[in-house]
Amino acid sequence: MAIVGVGIDVVDVARFEQTLERTPALRERLFTADEAQLPINSLAARFAAKEALAKALGAPAGLHWTDATVRKHDDGRPELLVQGTVAARVAALGIDTLHLSLSHDAGIASAVVIAESE
């Protein structure tokens, strides 16, 4: 396995919540319908995950936020499901596996994404 990209992002939860309150349409642009219903700590962590994913993919223009979904795997680990623009970039880079770690504590949400190819 070879690492193709690594991304990390940190989000101030209170500031992120204020941004969503000021711009309600942003929630629809950033999150899938299922994600949008989650509490603010989880939303901030998912936003960090999507930012970290974009960085791991080289931050190309044209990625759609809702083409990446964060969900819990059956064993409780977070995982990224990709489609559309994000899946196309993943395929173009030859990425086989995306690893995701999330955390939110003390008003900060963070995420790390590692993209690997065989």
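The values are calculated or read from the model by the stated rules, or taken from the named source; none is laboratory data. Model, not experiment: these values are computed from the prediction. A quick note on method: Cβ atoms are made from the backbone with ideal geometry, for glycine too, and the neighbour counts reach across all protein chains shown. Note: areas computed on protein heavy atoms with side chains; ligands, DNA, RNA excluded. Shrake-Rupley method; radii C 1.70, N 1.55, O 1.52, S 1.80 Å.
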Give the residue, chosen from GLU35, GLU21, GLU28, GLU17, that is open to solvent by less than 20 Å² (accessible area, probe 1.4 Å), without any contact (Cβ under 8 Å) to a residue 40 or more places away in the chain and of a type in the set (D, E, K, R).
GLU35
Breaking point among (1) modelled with pLDDT of 95 or more; (2) closer than 23 Å to MET1 by Cα; (3) among the hydrophobic types (A, V, I, L, M, F, W, C), for ALA45:
(2)
Starting from region 90-112, keep only residues that are charged (D, E, K, R), then list their pairs with residues that are open to solvent by less than 40 Å² (accessible area, probe 1.4 Å) whose Cβ atoms are within a distance under 6 Å, requiring at least 6 positions of separation or different chains.
ASP96/SER117
Tell me, yes or no, whether region 60-73 has at least one residue that is part of a strand (DSSP E or B) and closer than 12 Å to VAL113 by Cα.
yes
Please go through region 74-99 and pick out each residue that is assigned to a helix (DSSP H, G or I) and either touching a strand residue (DSSP E or B) at 6+ places or on another chain (Cβ under 6 Å) or under 19 Å from VAL4 (Cβ atoms) (or both).
THR85, VAL86, ALA87, ALA88, ARG89, VAL90, ALA91, ALA92
Among the residues of region 85-109, what is the count of those that are of a type outside the set (A, V, I, L, M, F, W, C) and over 17 Å from ALA56 (Cα atoms)?
4
Of those in region 50-59 that are open to solvent by 50 Å² or more (accessible area, probe 1.4 Å) and in a loop (DSSP other than H, G, I, E, B), the residue modelled with the highest pLDDT is GLY58
Of GLY5, GLY62, GLY84, which residue is over 24 Å from GLY107 (Cα atoms), open to solvent by less than 60 Å² (accessible area, probe 1.4 Å), in contact with a helix residue (DSSP H, G or I) (Cβ under 9 Å, 6 or more places away or on another chain) and touching a residue at least 40 places away in the same chain (Cβ under 8 Å)?
GLY5
